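The values are calculated or read from the model by the stated rules, or taken from the named source; none is laboratory data. Fair warning: this is a prediction, and the values are worked out from it, not measured in the lab. Quick reminder, even Gly has a Cβ in these numbers, built from the backbone with ideal geometry, and neighbours come from all protein chains shown. Just the protein is used for accessible areas: all its heavy atoms, side chains included, with ligands, DNA and RNA removed. Shrake-Rupley method; radii C 1.70, N 1.55, O 1.52, S 1.80 Å.
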Amino acid sequence: MMKKQNLTIIGGGSTYTLGIIMSLIAEKNNLPLKSVRFYDIDAERQQLNAEATKILLQEKYPEVEEFIYTTDREKAFKDTDVFFIQIRTGGLAMRERDEQISLSHGCVGQETCGAGGMAYGLRSIGDMIDLIKNIRKYSPDAWVLNYTNPAAIVAEALNRVFPNDKKILNICDMPCVIMESYAKMLGCELWDLVPEYYGLNHYGWFTKIRNHQGEDLTQKIKDIILEKGLEASAVDIAHDQSWQATFKNMQVMLADNPEHLPSTYLQYYLYPEKMVAKEDINNTRARQVINGREKTVFAMCQRIIDNKTTQHENMHADIHGIYMVRVAASLLFNKGDKFIVIVPNKGIIRNLQDDAMVEVPAALMNHGVEPYSIGDIPTFHKALIETQLGFEKLVVDAWFTGSKQTLVNALTLNRTVINVSTAKKIVDDILIENKRYLPQFFK
Ligand code: NAD
Ligand code: G6P
Ligand code: MN
């Protein structure tokens, strides 16, 4: 019998919460839960998700003995076995400003890439450090899965402040979401595929895809993408125009460099002008999410609450949720499953500095994660990674020192900006817009 676990979700008001709960229900045999607790700083936003979750759990997961939601950290954080962190400092409103500021200077405006990612990173770091300190006060041995973005910058910051904490794991669902599209195209299940992959978060490549029988499917996948393209297949994004356009671009990226299978996010770094040209500053991705995912999720919560049942809703577990739950199960029950996660390099990629936070496959064990070694990577990919890594490290340096010059240097390294005078203007605008989050730059 597996011991029933206590889960705390930080950012209970997130648009991803219901999908996570559906995934916990679908995976209850892999990760049996005793309690589920939500914590958020926004009581009202969290309450909608929570009241709907209460009904959902009663109907589909009565084995959960306790469900609470609170804005009190002690209540939420004590005696927890595993935390999921999914916060967004500044909310979608600030995401929209990040995207608009970047675009107003002719640069890529995106949640995690380029100048938008820098602004979001600067906002996330402080809240994340503060949360981890509190988590460790109340649950010193719990596993902490963080997928708060920008995951690369958050991971770098947390690794500096908590270098010896082996139970904080930063993760991203993108590799899994891409593999879901490969699986659909091949006519198999996502979980049949075994990846080899390296890079930084939102900045990596698959080098091989095999199945559990050991058959190498890499060339087959490349051939199909080159001939027919790739579709977004994961249920949560399959009907999303923006994600379909992104997946369509995979064909272009692969044709331009067929060596490895790229992460979707590389489109922003490899074709920045093209990405800027198709944007509408009044309808950036944040606005689409506000009018789309956010509205849909909270309208569904309200209906569930009004109807006092979920039975009229078409609800499903999503890849994002299933991935997080399976990662947690592997860690909690020492299963050693192979998943792509973000870890300190320490020789995994032999020709890259040890203190880079890299995204690579690892065996997930209860005592910690054990990454598989990659060896040397090619000069082209190494140089791209090092430039982006320089950007990420400088953003974190700047957060600690409050140096504006360091931010300008960071953006100068970023492939979506490069030009120093543009970098200076964007930094000025971002700091003014984020003044209340970043007092260290105004001393
Ligand atoms: P959202 O704004 O809808 O939800 C975030 C919630 O966090 C809100 O309810 C907000 O009140 C709360 N919050 C903000 N600061 C907090 C704090 N300090 N403590 C507790 N709660 C806090 O955002 P969303 O679109 O649902 O996304 C949530 C997060 O998940 C984002 O960071 C997003 O980028 C991330 N995400 C990451 C991946 C990945 O691949 N790594 C995938 C999906 C989502
Ligand atoms: C992918 C990425 C995440 C990102 C999410 C939503 O899953 O890996 O990091 O937050 O997409 O992006 P969107 O633009 O739809 O909010
Ligand atoms: Mn991601």
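Results, tabulated for the structure shown:
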| quantity | calculated |
| --- | --- |
| Hits in region 81-123 (condition: out of contact with any Pro (no Cβ under 9 Å at 6 or more places or on another chain) and among the aliphatic types (A, V, I, L, M)) | Val82, Ile85, Ile87, Leu92, Ala93, Met94, Ile101, Leu103, Ala115, Ala119, Leu122 |
| Pick from region 198-208, criterion away from ligand 1 (no atom under 14 Å from the Cβ) and either among the hydroxyl-bearing types (Ser, Thr, Tyr) or without any contact (Cβ under 8 Å) to a residue 60 or more places away in the chain (or both), ranking: surrounded by the most Cβ atoms within 10 Å (Cβ to Cβ) | Tyr198 |
| Residue match in region 405-419 (condition: part of a helix (DSSP H, G or I), among the aliphatic types (A, V, I, L, M), buried (at least 16 other Cβ atoms within 10 Å of the Cβ) and without any contact (Cβ under 8 Å) to a residue 60 or more places away in the chain) | yes |
| Single residue of Leu48, Leu7 found to be farther than 17 Å from Asn134 by Cα and crowded, with 17+ Cβ neighbours inside 10 Å | Leu48 |
| Restricting region 420-440 to residues that are open to solvent by 30 Å² or more (accessible area, probe 1.4 Å) and of a type in the set (A, V, I, L, M, F, W, C), the residue that is nearest to the chain's Cα centre (by Cα) | Ile432 |
| Set Asp376, Asp355, Asp306: member being assigned by TED's automatic domain parsing to the domain that holds Lys34 and either open to solvent by less than 20 Å² (accessible area, probe 1.4 Å) or more than 16 Å from ligand 1 (Cβ to nearest atom) (or both) | Asp306 |
| Filter result (within 22 Å of the chain's Cα centre (by Cα) and either within 16 Å of ligand 3 (Cβ to nearest atom) or surrounded by fewer than 18 Cβ atoms within 10 Å (Cβ to Cβ) (or both)) within region 253-269 | Pro262, Ser263, Thr264, Tyr265, Leu266, Gln267, Tyr268, Tyr269 |
| Qualifying positions in region 133-154 - within 14 Å of ligand 1 (Cβ to nearest atom) and either within 14 Å of Tyr120 (Cα to Cα) or open to solvent by 10 Å² or more (accessible area, probe 1.4 Å) (or both) | Lys133, Asn134, Tyr147, Thr148, Asn149, Pro150, Ala151, Ala152, Ile153, Val154 |
| Selected residue (only one of Ala119, Ala93 is aliphatic (A, V, I, L, M), in a helix (DSSP H, G or I) and surrounded by 22 or more Cβ atoms within 10 Å (Cβ to Cβ)) | Ala119 |
| Qualifying residues in region 219-252 (those that are part of a helix (DSSP H, G or I) and touching a Phe, Trp or Tyr at 6+ places or on another chain (Cβ under 8 Å)) - the one most open to solvent (accessible area, probe 1.4 Å) | Val252 |
| Residue identified as closer than 30 Å to Lys335 by Cα and among the small types (Gly, Ala, Ser) among Gly375, Gly402 | Gly375 |
| From the options Thr412, Thr387, Thr422, residue that is touching a Cys at 6+ places or on another chain (Cβ under 9 Å) and more than 20 Å from Ile129 (Cβ to Cβ) | Thr422 |
| Region 139-166, residues that are touching a helix residue (DSSP H, G or I) at 6+ places or on another chain (Cβ under 8 Å) and assigned to a loop (DSSP other than H, G, I, E, B) | Ser139, Ala142, Tyr147, Thr148, Asn149, Pro150, Phe162, Asp165 |
| Any chance Met275 is within 25 Å of Gly116 (Cβ to Cβ), surrounded by 13 or more Cβ atoms within 10 Å (Cβ to Cβ) and more than 16 Å from ligand 2 (Cβ to nearest atom) | no |
| Total residues in region 96-106, condition touching a Ser or Thr at 6+ places or on another chain (Cβ under 8 Å), more than 14 Å from ligand 2 (Cβ to nearest atom) and open to solvent by 10 Å² or more (accessible area, probe 1.4 Å) | 4 |
